[in-house]
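**Student:** Okay, handing you the structure first.
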Amino acid sequence: MKPGEPSRVVFGHMHEDHALELSLIPRLPVRKALVIASGGDLAFALAAAEVEVLAVDSNPAQISLVRQKMTCPPELLAELCFRGKVDRVFRLGGWFPAWLLDWPRLKPGKFRRFLTHRLEALLPRAVFLIHGPEAAARLDRSAIRLMRDRLEKAMAAPDAAGNPLLQALLGKRFGPRPPEVWSPPGIARWRSQIHRITLRHTDLGQALKETAAGSLGLISVSNLPDTMSAADWTALTALAAAALSPGGFLVVRSMLCGSLPPDPLGQLITLTHSVPDASPLCPVILTGRKPAGQ
């Protein structure tokens, strides 16, 4: 990385389960995907499955991080996965949510409930420091409760102790079982297909505008909707629909939203799916498919 860039990395890795995207690969009309670069996890997982990937990010430090992961010795990858602002915050204080929610019994007493309310008041300040003023302005009480409920649900799951994303969120690195993409066999697979990944420093909207119509089989959006207005989201949905090949998929996650407004232009069919999502805080909230006849 360039001097000073590590301090600008927000996500050293992605706190997201990419099982849904991987399950869609056999159904893609064309094996080309556009994703948010972030920490590189999804781009690497798709490349390992022989999908051509364009990974974009408006933050140049994230692009530099992913590029360094693509070229550095495997033994350094684990350290690079925890160099983001979010990773540092949870490494220092991740134990506190676990204690606060009394994991795994989830029976907080009066003192913990009092601190939970204090946490709701302090969380917007933390989001401001990590994500900026726009995200903090959108973080209302309902969003905070949504995040707390998601974390409680993840911690109450039978496999909570083995969920590597939850373990990382609680400041414990990836725990005893790293995500497949960061296991030695997983690293070997995406390293052998690294030529399938193209990195570009740009925002998603601009990337979609520059993409040939109907050329993508998959577009996967991380927590981008968290900071977008309804009008901006509608415009982005239209761009995504134009870039997708008929039968292609749009996958959307969110940390602060429980759902999104319906597609006002009717260009995507909303799907339900049965693939379990182990993401503790940024789960899939929308899966849309472009009708085959369009």
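**Student:** Compare the peptides 156-166, 68-78 by average per-residue count of other Cβ atoms within 10 angstrom and give them in order, highest first.
**Tutor:** 156-166, 68-78
**Student:** In addition: Among all the aspartates and glutamates, which ones have a C-alpha under 13 Å from residue 107's C-alpha, if same-chain residues fewer than 8 places away are not counted?
**Tutor:** Cα-Cα hits under 13 Å: 152.
**Student:** Can you order the peptides 175-183, 214-222, 251-259 by their average number of other Cβ atoms within 10 Å per residue, highest first?
**Tutor:** Result, highest mean first: 214-222, 251-259, 175-183.
**Student:** Further question on the same structure: What are the DSSP H helices in the chain that stretch 24 Å or more along their long axis, judged by alpha-carbon atoms, and whose average Kyte-Doolittle hydropathy comes to at least -1.0?
**Tutor:** Membrane-span-like by this criterion, though nothing is claimed about a membrane: 110-131.
**Student:** Relative to the present Cα-Cα distance, how much length would full extension add between residue 206 and residue 229 at 0.36 nm per residue of separation?
**Tutor:** 6.6 nm
**Student:** While we're here: Where does the charge balance sit around residue 52 when Lys and Arg score +1, Asp and Glu -1, over other residues with C-beta under 10 Å from its C-beta?
**Tutor:** Local charge sum for residue 52: +2.
**Student:** Here is a further query. Lys/Arg Cβ at +1, Asp/Glu Cβ at -1, dipole of the chain taken about the Cα centre: which of 155, 143, 202 is farthest positive-ward?
**Tutor:** Result: 155.
**Student:** Treat every Asp and Glu Cβ in region 141-285 as -1 and every Lys and Arg Cβ as +1, leave all other atoms uncharged, and give the resulting dipole magnitude about the Cα centre to the nearest 20 debye.
**Tutor:** Details: 14 positive and 10 negative charges, 101 e Å.
Value, rounded to 20: 480 debye.
**Student:** Above 23 angstrom, tally the Cα pairs of the chain and express them as a % of all pairs, no decimals.
**Tutor:** Details: 23519 of 43071 pairs.
Of all Cα-Cα distances in the chain, 55 percent exceed 23 Å.
**Student:** To continue, here is another question. How much length, in nm to one decimal, is gained on full extension between residue 78 and residue 112, taken as 0.36 nm per residue of separation minus their Cα-Cα distance?
**Tutor:** Separation in residues times 0.36 nm, less the Cα-Cα distance, equals 8.9 nm.
**Student:** Oh, and also: Summing -39500 (n - 2.57) over the DSSP H runs of n ≥ 4 in the chain and dividing by its residue number, what mean residue ellipticity at 222 nm do you reach, to the nearest 500 deg cm²/dmol?
**Tutor:** -12000 deg cm²/dmol
**Student:** A further question follows. For the chain, with the dipole built from +1 on Lys and Arg beta-carbon atoms and -1 on Asp and Glu ones, taken about the Cα centre, which of 271, 51, 187 lies farthest toward the positive end?
**Tutor:** About the Cα centre, the residue reaching furthest to the positive side is 187.
**Student:** When the accessible area of region 176-266 is computed with all protein chains present and a 1.4 Å probe, what percentage of it is carbon and sulfur?
**Tutor:** Roughly 59 percent, rounded to a whole number.
**Student:** Okay, next question. List the GluC sites (Glu not before Pro) in region 17-53 that DSSP assigns to loop (not H, G, I, E or B) and whose Cβ has at most 14 other Cβ atoms within 10 Å. Which are they? Mind showing how you got there, number by number?
**Tutor:** Values: sites: 21, 50, 52; in loops: 50.
Taking region 17-53 and a limit of 14 other Cβ atoms within 10 Å, the loop GluC sites (Glu not before Pro) found are 50.
The values are calculated or read from the model by the stated rules, or taken from the named source; none is laboratory data. The structure presented is a predicted model; accordingly, all values stated were derived computationally and were not measured. Every residue, glycine as well, gets a Cβ built from its backbone with ideal geometry; the counts of neighbours run over all protein chains shown. Only protein heavy atoms, including side chains, enter the accessible area calculation; ligands, DNA and RNA are left aside. Shrake-Rupley method; radii C 1.70, N 1.55, O 1.52, S 1.80 Å.
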